[in-house]
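Have a look at the structure below, then the notes.
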2 protein chains.
Amino acid sequence: MKIKRIEHVAIAVRNLDAVRDTLGKLGITCDHEETLPEYAVRLAMLPIGESAIELLEPQSDTGGTAEWLKAKGESIYHLCLEVDDIDAALAELKAKQVKLLDEVPRSGHGGHRIAFIDPASTAGILFELVEMSGKH
Amino acid sequence: MKIKRIEHVAIAVRNLDAVRDTLGKLGITCDHEETLPEYAVRLAMLPIGESAIELLEPQSDTGGTAEWLKAKGESIYHLCLEVDDIDAALAELKAKQVKLLDEVPRSGHGGHRIAFIDPASTAGILFELVEMSGKH
């Protein structure tokens, strides 16, 4: 499998507006925001070169981002890697005994097909894979 | 100030060789390794697109990476952003009341000039700036 780029670095935050404004001081500005009800998060994408910082603010007390904040506080949460063909990538990882949180891709940010790898297989680091749909 | 790219995403690890081999399953491979005695770390750079994952393994019980591991365990540690002119970037940040851990750049990975921003000014997230010397 070929990783094309780090599509985004996700940061879990309690107050998206405050952190977005803070990063503005570094010249890092917001491209777009969206709310994903199925993940109970509001997100902002802040492009840097070919990548972006994704700020994730939970919209409820449950869900991955809320759980992360409870356990770790505001911090870098996961790395999202772009692949050409997410189905092929997941099949390859499965064949290599890499555990997956999502065996079947689901809809993520921007409507793209995404899947998370089980961090138990990647030294505790949470990786997301994305196949870009061309919507964004 | 203009951020050109995420130069690397640093991950603090206890066993660099093990994590490097694990990431190989995702097709992420090591470009070069070096030891920085002044930071008491061994590092490996694993390029992805225009960025890289930097694995940092402490070589002593003290220093930033060792302290991070003690407090947080193996996890994503900081984001390094490339700027054209690090002196100008630090002066601009200082003028904006952004606190710096390094007011004067010092030598970092690959001999490049680097400086860390005080995470107290960036929502608890640790950012490094780098001006590339052209050595790597």
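The values are calculated or read from the model by the stated rules, or taken from the named source; none is laboratory data. Bear in mind the structure is a predicted one, so any value in this text is a computation, not a measurement. When we count neighbours, we look across all protein chains shown, and the Cβ atoms used for this are built from the backbone with ideal geometry, even at glycine.
Mind checking which strands (runs of 3 or more DSSP E) fall wholly inside the range A:16-123 and carry at least 2 residues that are away from every other protein chain (no Cβ under 11 Å) and within 16 Å of the chain's Cα centre (by Cα)?
In the range A:16-123, the matching strands (runs of 3 or more DSSP E) lie at A:32-36, A:41-48, A:51-58, A:113-116.
Just to be sure before I move on: is A:HIS8 within 11 Å of the chain's Cα centre (by Cα) and of a type outside the set (A, V, I, L, M, F, W, C) in the structure I sent?
Yes: the conditions hold for A:HIS8.
Could you grab me the full set of residues in the range B:71-99 that are surrounded by 17 or more Cβ atoms within 10 Å (Cβ to Cβ) and more than 25 Å from A:LEU79 (Cα to Cα)?
Hits for the range B:71-99 are B:ILE86, B:ALA89, B:LEU90, B:LEU93, B:VAL98.
What single numbered condition from (1) part of a helix (DSSP H, G or I); (2) in contact with a Ser or Thr (Cβ under 9 Å, 6 or more places away or on another chain); (3) surrounded by 13 or more Cβ atoms within 10 Å (Cβ to Cβ) fails to hold for B:ALA10?
(1)
Considering every residue within the range B:16-37, establish whether at least one is surrounded by 15 or more Cβ atoms within 10 Å (Cβ to Cβ), in contact (Cβ under 8 Å) with a residue 24 or more places away in the chain and of a type in the set (Asp, Glu).
no
Name the pairs: first residue in the range B:82-109 and at negative phi, second residue in a helix (DSSP H, G or I) and of a type in the set (Val, Ile, Thr), Cβ to Cβ under 8 Å, at least 6 apart or on different chains?
B:PRO105/B:ILE86
Tally up the residues in the range A:99-124 that are under 22 Å from B:GLY24 (Cβ atoms), at pLDDT below 95 and not small (Gly, Ala, Ser), please.
Within the range A:99-124, residues that are under 22 Å from B:GLY24 (Cβ atoms), at pLDDT below 95 and not small (Gly, Ala, Ser) number 1.
Give me a count of the residues in the range B:36-95 that are charged (D, E, K, R) and in contact with a Ser or Thr (Cβ under 9 Å, 6 or more places away or on another chain).
Selection size over the range B:36-95: 5.
Taking only the range A:126-136 into account, find how many residues are modelled with pLDDT of 95 or more and out of contact with any helix residue (DSSP H, G or I) (no Cβ under 6 Å at 6 or more places or on another chain).
Of the residues in that region, 4 qualify.
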